[in-house]
Amino acid sequence: MDPRQKELLMRIMELEFACIDLDLYLATHPDDTRALQDFKMRSQELMNAKMEYELAYGPLLNYGFGTNPGRTWQWIDEPWPWEINWRRSGT
Amino acid sequence: MRRYPPRGDKPFRYPRAQEENESPRERRRLFESEEPKREPAPSKGSPDSGYAMPEKNASERVDSETAGQVSNEPESKELEWREPERPDNGEKTITGMGVESTGLAGTIELATAFVPWQMYGRTLDLREALRLGTLFPELTRTPPRYKKPGTRGEE
Amino acid sequence: MWVYQKSLEYPARVRGPNPRLAKVVITQYGGPDGELAASLRYLTQRYTMPIPQAKAALTDIGTEELAHMEIVATLVYQLIRDASIEDIKRAGLDSYYADHDKALYFVNASGAPWVASYIQSKGDPITDIHENMAAEEKARSTYEYLMQLSDDPDATETLRFLWQREIVHFQRFGEVLDLLHDYYSRQHVFEMKGYDPDKFRQS
């Protein structure tokens, strides 16, 4: 996996994790405007990062929720999440 | 009408029920004193049934003020649920860090689990949040290095 | 519906083949307090929740648990992927290997398959949320034991992430519980026979 793809994917995971935790917080605090503001900001950043990723490396989401900008069906492109080596020195 | 938790952008004040005229429990108590007390139905079921009022308590509840109305009530053959008598000490609040934290239900009740509400504060740097497993520093803990049941993460 | 996203929630990593560790970590895949049980428990309890916050929390946490299941699967897969038969035998994973090779299967640490009786869906929302809070604590304890057993610092970091998530979920369920208590204390007032709250206020 090329280092740039890995770096971008890592950025997506970071943003997405923030969104997950904020989402759970908002489930029980739906009127919390500060949390909502942060959530909106982070999910916008996440959306942008995903768009950038998909443009370069193919769809992140299946069933047409993601974009497939390439000429082949990039959804099947490896590696799949459980195959990626996230060790800092790894490939 | 939907009711949601207190707003995070306003100074926090639990319980929310106080923002209205009276707490649900207060309303219930007022209501109970207004309504005629009903004679508990004669227990057809097991005398140990939780739904049958013990006779001693039943006679205590029928006070002179409402006794006349009670006799007019048709006797029900069904077992009836009555609110148990309880001492009026349910309105205590827990305060910590200057914040009333009694939960939305308004009071701390016996035999009821209660987890304090989280308030929105500082959030962690995104990379650090992913590493630690939460965006909220107040929820982070250190895993115990050795087996120490019940310590909830403190070493 | 659900949509699959081609990324993990957390960058799970291991230092090398370690079938002995895989043998115990797999309990969080298909064991009594594992992520499959957690996910199915929450997702099946959603339907009978009376308040929107509870439905949302169960949906979101149940979905996150599916992501955790994938993280645990990744750990187990990477821990046994490159293990030799000799290693597998030495680790006592040979009985698992006999049935599943290096494939993922829902079992606990001693090899018993997943059963639905690990979870409960009681219909009483207060009872169900208590079940979930207990489930989060049980999973937290399990991750603590796994961290003690782990001799792979990278796997331990991943286990720590999952451990911390249990604490966050416990907090959310605690808040849902309070919302339910609030809901029922209001409900109780309005459901009393012959009691009209508006009329009562005016008098």
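The values are calculated or read from the model by the stated rules, or taken from the named source; none is laboratory data. What you see is a predicted model; the values in this text were computed from it and never measured. In this analysis, Cβ positions are derived from the backbone assuming ideal geometry, glycine residues included, and neighbour counts consider all displayed protein chains. Side chains are part of the model used for accessible areas, which takes the heavy atoms of the whole protein and leaves out ligands, DNA and RNA. Shrake-Rupley method; radii C 1.70, N 1.55, O 1.52, S 1.80 Å.
Going by the structure shown, is C:Ala54 touching a helix residue (DSSP H, G or I) at 6+ places or on another chain (Cβ under 7 Å) and open to solvent by less than 10 Å² (accessible area, probe 1.4 Å)?
yes
In the range C:147-174, how many residues are assigned to a helix (DSSP H, G or I) and touching a residue at least 40 places away in the same chain (Cβ under 8 Å)?
14
Which one of these does C:Ala73 not meet: (1) crowded, with 24+ Cβ neighbours inside 10 Å; (2) under 19 Å from C:Tyr10 (Cα atoms)?
Only one criterion in (1) crowded, with 24+ Cβ neighbours inside 10 Å; (2) under 19 Å from C:Tyr10 (Cα atoms) is unmet by C:Ala73, namely (1).
Would you point out which residue out of C:Thr127, C:Thr142 is within 22 Å of C:Ile61 (Cα to Cα) and open to solvent by 40 Å² or more (accessible area, probe 1.4 Å)?
C:Thr127
Which members of the range A:44-91 meet the condition of being touching a residue at least 12 places away in the same chain (Cβ under 8 Å), under 24 Å from C:Val14 (Cα atoms) and more than 10 Å from chain C (Cβ to nearest Cβ)?
Scanning the range A:44-91 gives a single hit, A:Thr91.
For A:Arg42, only one of the following conditions fails: (1) closer than 18 Å to C:Glu64 by Cβ; (2) in contact with a Lys or Arg (Cβ under 8 Å, 6 or more places away or on another chain). What is its number?
(2)
Among the numbered criteria (1) out of contact with any Asp or Glu (no Cβ under 9 Å at 6 or more places or on another chain); (2) of a type in the set (A, V, I, L, M, F, W, C); (3) more than 7 Å from chain B (Cβ to nearest Cβ), which single criterion is violated by C:Phe170?
Against the list (1) out of contact with any Asp or Glu (no Cβ under 9 Å at 6 or more places or on another chain); (2) of a type in the set (A, V, I, L, M, F, W, C); (3) more than 7 Å from chain B (Cβ to nearest Cβ), C:Phe170 comes up short only on (1).
Residues that are over 17 Å from C:Ala56 (Cα atoms), in a helix (DSSP H, G or I), within 14 Å of the chain's Cα centre (by Cα) and facing another protein chain (nearest Cβ under 10 Å): does the range C:108-121 have at least one?
No: the range C:108-121 contains no residue that is over 17 Å from C:Ala56 (Cα atoms), in a helix (DSSP H, G or I), within 14 Å of the chain's Cα centre (by Cα) and facing another protein chain (nearest Cβ under 10 Å).
Out of the residues in the range C:173-187 meeting the condition of being more than 7 Å from chain B (Cβ to nearest Cβ) and either surrounded by fewer than 21 Cβ atoms within 10 Å (Cβ to Cβ) or at pLDDT below 95 (or both), tell me which one is nearest to B:Leu139 (Cα to Cα).
Across the range C:173-187, the extreme among qualifying residues is C:Tyr183.
Only one of these conditions is not met by C:Gly30: (1) buried (at least 22 other Cβ atoms within 10 Å of the Cβ); (2) farther than 21 Å from C:Ile119 by Cβ; (3) not basic (Lys, Arg). Which number is it?
(2)
As an exercise: evaluate A:Leu26 against (1) within 14 Å of chain B (Cβ to nearest Cβ); (2) over 25 Å from C:Ile61 (Cβ atoms); (3) modelled with pLDDT of 95 or more and give the number of the one condition it does not meet.
Exception for A:Leu26: condition (2).
Sort out which residues of the range A:35-91 are hydroxyl-bearing (Ser, Thr, Tyr) and open to solvent by 60 Å² or more (accessible area, probe 1.4 Å), and write them in order of number.
Hits for the range A:35-91 are A:Tyr63, A:Thr67, A:Thr72, A:Ser89, A:Thr91.
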